[in-house]
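First the structure, in the form of C-alpha cells, and then the observations on it.
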Amino acid sequence: VSKLEESQDKLRLKASELRKALERFSIVSVATNDAIHDWDIVKNQLWCNEAMQKTLGVPEVIDDPWNWWIQVMHVDDRKRMISSMERLLKNNREFGSNEYRIQIASGTHVYINHRIYVRRDRKGKPIRIIGAVMNITERKRAEEALRDSEARYRAFFETSRDCVFISSAEGRWIDLNAAAVELFGYASREELRNVHMRDLYADPEGRDRFIALMLEKGYVKECPFDMKKKDGSIIRVLLTSVVWKGADGNILGYQGTIRDVTEKLRIERELK
C-alpha cells in the first residue's frame with residue numbers, strides 16, 4: 001500500500017508538471033508571432049497555433065500533414081525539401097532547419113525559415129515533430145537586391161575603360177580591374193598589386209596631397225595628378241575617389257577611378 005501511494009504521488013506530480021508544461025507551451029504559442037506546429041506522426045495529424053492558422057489560412061488540426069505540406073510548398077523547392085526531411089527522419093537526428101517558399105492564405109508564396117525538433121520512441125522511430133516557422137521574405141528580398149547590386153557593381157568594375165580601384169588606407173591595392181593593369185603598363189594584376197600606390201605618382205608628394213584632400217572633404221572629383229607607368233613615362237590623370245569607412249567610422253581605405261587624359265590634352269595642345 002505504501003509503495004502504491006508513493007507511485008500515485010509520483011504520477012500526480014508528473015501530471016502536474018505536464019499540465020504546467022502544456023500551459024507554458026500554450027502561452028508561448030499564442031504570444032509569439034511565429035507559426036508553431038505539433039505534428040503527431042502516429043495519429044497523422046498536425047496541430048497549428050493561432051499564428052499559423054491566420055498566416056496559412058488553415059484549421060487548427062490538419063489531417064494527412066505530409067501531403068498537405070507538399071501541396072503548399074513552392075514547386076521549385078519540393079524535391080529539395082522532401083529529400084532533406086527524409087534524411088532528417090532516417091538519420092536519427094533531432095533538430096533540423098531549412099529555408100524555402102510556402103503558399104499562405106492570400107495565395108502568394110513567402111520565404112520561411114522552418115526549424116523543427118523530432119521526438120522519437122525508444123527504438124528511434126519518429127513519433128512527433130514540433131516546429132516553428134518564421135517569415136523571412138523581407139530578408140530574402142534584401143539579400144536578392146544586394147546580390148543584384150553587387151552584380152551590377154562587378155559588371156561596371158570589370159568593363160569600365162577607366163582604372164577602377166579599391167585601396168587600403170596605407171596605399172596597398174585591395175581590388176583593381178584589367179584597365180588599371182593596362183593603364184600603368186604592367187603584365188598582370190598580381191604584378192601591379194605589389195606596387196605601392198605612392199610609387200605610381202610622378203611627384204612623391206602627390207600621394208600626400210591626395211590623402212590631405214580626402215581627409216578634408218571625404219572625396220575628390222576629377223582631381224588632376226601626374227602619375228607614372230612601369231616604363232617610367234608620365235601620364236596625366238583625373239582621379240575621382242571617396243573614403244571607405246568601417247562600421248566604427250574609421251577610414252579603411254579609398255575607392256574610385258583613374259582616367260588617363262594624356263592623349264586628350266596632347267590633342268588639345270595641337271589644336272591650339
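Taken as a whole, the condition of being out of contact with any Pro (no Cβ under 7 Å at 6 or more places or on another chain) and of a type in the set (A, V, I, L, M) applies to residue 200.
The set of residues in the stretch 188-218 being of a type outside the set (D, E, K, R) and more than 18 Å from residue 260 (Cβ to Cβ) consists of 188, 194, 196, 204, 211, 212, 213, 214, 215, 218. The single condition among (1) loosely packed, with under 15 Cβ neighbours inside 10 Å; (2) not in a strand (DSSP E or B) that residue 179 does not satisfy is (1). Pairs meeting the criteria (first residue in the stretch 91-102 and farther than 13 Å from residue 113 by Cα, second residue crowded, with 17+ Cβ neighbours inside 10 Å and hydrophobic (A, V, I, L, M, F, W, C), beta carbons under 7 Å, at least 6 apart or on different chains) are 93/118; 94/118. Scanning the stretch 80-96 for residues being in a helix (DSSP H, G or I) and either open to solvent by 70 Å² or more (accessible area, probe 1.4 Å) or among the aromatic types (Phe, Trp, Tyr) (or both) gives a total of 4. Could you check, for the stretch 64-79, whether at least one of its residues is surrounded by 13 or more Cβ atoms within 10 Å (Cβ to Cβ) and in contact with a Gly (Cβ under 9 Å, 6 or more places away or on another chain)? For the stretch 64-79, residues surrounded by 13 or more Cβ atoms within 10 Å (Cβ to Cβ) and in contact with a Gly (Cβ under 9 Å, 6 or more places away or on another chain): absent.
Kindly evaluate residue 100 against the criterion of being open to solvent by 70 Å² or more (accessible area, probe 1.4 Å), modelled with pLDDT of 90 or more, aromatic (Phe, Trp, Tyr) and within 32 Å of the chain's Cα centre (by Cα). Spelling it out, it is not the case that residue 100 is open to solvent by 70 Å² or more (accessible area, probe 1.4 Å), modelled with pLDDT of 90 or more, aromatic (Phe, Trp, Tyr) and within 32 Å of the chain's Cα centre (by Cα). Determine if the stretch 156-170 includes at least one residue that is under 30 Å from residue 237 (Cβ atoms), in contact with a Cys (Cβ under 6 Å, 6 or more places away or on another chain), surrounded by 14 or more Cβ atoms within 10 Å (Cβ to Cβ) and modelled with pLDDT of 90 or more. No.
Restricting attention to the stretch 115-129, the residues that are open to solvent by 20 Å² or more (accessible area, probe 1.4 Å) and touching a strand residue (DSSP E or B) at 6+ places or on another chain (Cβ under 9 Å) total 8. Exactly one residue out of 54, 90 is farther than 24 Å from residue 137 by Cβ and over 27 Å from the mean Cα position of the chain (by Cα): that is 90. The set of residues from the stretch 130-155 being touching a helix residue (DSSP H, G or I) at 6+ places or on another chain (Cβ under 8 Å) and either closer than 14 Å to residue 93 by Cα or open to solvent by less than 60 Å² (accessible area, probe 1.4 Å) (or both) comprises just one member, 133. Just to be sure, is residue 208 surrounded by fewer than 16 Cβ atoms within 10 Å (Cβ to Cβ) and over 24 Å from residue 154 (Cβ atoms)? Yes. For the subset of the stretch 103-114 comprising residues that are in contact (Cβ under 8 Å) with a residue 24 or more places away in the chain and in a strand (DSSP E or B), which member is surrounded by the most Cβ atoms within 10 Å (Cβ to Cβ)? Here the answer is 112. Residue count for the stretch 225-262 under the criterion of being open to solvent by 70 Å² or more (accessible area, probe 1.4 Å) and assigned to a strand (DSSP E or B): the result is 8.
The values are calculated or read from the model by the stated rules, or taken from the named source; none is laboratory data. Just so it is clear, the model here is predicted, and its values are computed rather than measured. All Cβ positions, glycine included, derive from the backbone under ideal geometry; neighbour counts span all protein chains shown. All accessible areas refer to the heavy atoms of the entire protein, side chains included, with ligands and DNA or RNA removed. Shrake-Rupley method; radii C 1.70, N 1.55, O 1.52, S 1.80 Å.
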